[in-house]
Amino acid sequence: MVTYFQDTLFFNAGELTAPGTTTAVAVYENNYFSTSDYALVVKVTNINTNVVVRLDGSIDGTNYGALISNTITANGTYVYNITGCPMKFIRGNFLSESGGTDAVITLSYSAR
């Protein structure tokens, strides 16, 4: 838990080798930080056909929806962002994989 004013929060969620979500991170704390701009950095290795990745947001910590969603068709590192969408929680989501089961997804994100 952050106990002082923050301007930008950074998270390294680690690798996912199968579709699934990362641990949710609180990006709102009364009097400490309140975010509405988000960036998602995705590193893809061992891709077969394509992968779908998302950054999900929630205002209640239970119900999540896509803030950012993209289909990636080649290995590499990709950066996506969204602005003006306040949330209390965010999480990374390796939504699906086509053409095999070899992809490794590394997710990092920031909130401001």
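Against the condition touching a strand residue (DSSP E or B) at 6+ places or on another chain (Cβ under 8 Å), of a type in the set (Ser, Thr, Tyr), closer than 15 Å to residue 80 by Cβ and free of Cβ contacts under 8 Å to residues at least 60 places away in the same chain, how does residue 69 come out, does it pass? So residue 69 passes the test.
The residues listed here are 54, 112; of these, the one that is under 14 Å from the mean Cα position of the chain (by Cα), modelled with pLDDT of 95 or more and charged (D, E, K, R) is 54. When segment 27-48 is filtered for residues that are touching a strand residue (DSSP E or B) at 6+ places or on another chain (Cβ under 6 Å) and among the small types (Gly, Ala, Ser), the ones remaining, listed by number, are 34, 39. Residues in segment 30-38: is at least one under 15 Å from the mean Cα position of the chain (by Cα), modelled with pLDDT of 95 or more and not polar (S, T, N, Q)? The answer is yes, given that some residue of segment 30-38 is under 15 Å from the mean Cα position of the chain (by Cα), modelled with pLDDT of 95 or more and not polar (S, T, N, Q). Would you check if residue 60 is in contact (Cβ under 8 Å) with a residue 12 or more places away in the chain and either more than 20 Å from residue 7 (Cβ to Cβ) or hydrophobic (A, V, I, L, M, F, W, C) (or both)? Considered against the rule, which asks whether it is in contact (Cβ under 8 Å) with a residue 12 or more places away in the chain and either more than 20 Å from residue 7 (Cβ to Cβ) or hydrophobic (A, V, I, L, M, F, W, C) (or both), residue 60 comes out as yes.
Going through segment 14-44 one residue at a time, which ones are touching a residue at least 60 places away in the same chain (Cβ under 8 Å), polar (S, T, N, Q) and either in contact with an Asp or Glu (Cβ under 7 Å, 6 or more places away or on another chain) or assigned to a strand (DSSP E or B) (or both)? Listed by number, the list holds a single entry, 21.
So which residues in segment 74-108 are among the polar types (S, T, N, Q), free of Cβ contacts under 8 Å to residues at least 60 places away in the same chain, in a strand (DSSP E or B) and closer than 14 Å to residue 41 by Cα, if there are any at all? Those that are among the polar types (S, T, N, Q), free of Cβ contacts under 8 Å to residues at least 60 places away in the same chain, in a strand (DSSP E or B) and closer than 14 Å to residue 41 by Cα: 77, 81.
Residues of segment 43-70 that are under 23 Å from residue 102 (Cα atoms) and loosely packed, with under 12 Cβ neighbours inside 10 Å: 49 alone.
The values are calculated or read from the model by the stated rules, or taken from the named source; none is laboratory data. Predicted model, so just to flag it, every value in this text is computed and none were measured. All Cβ positions, glycine included, derive from the backbone under ideal geometry; neighbour counts span all protein chains shown.
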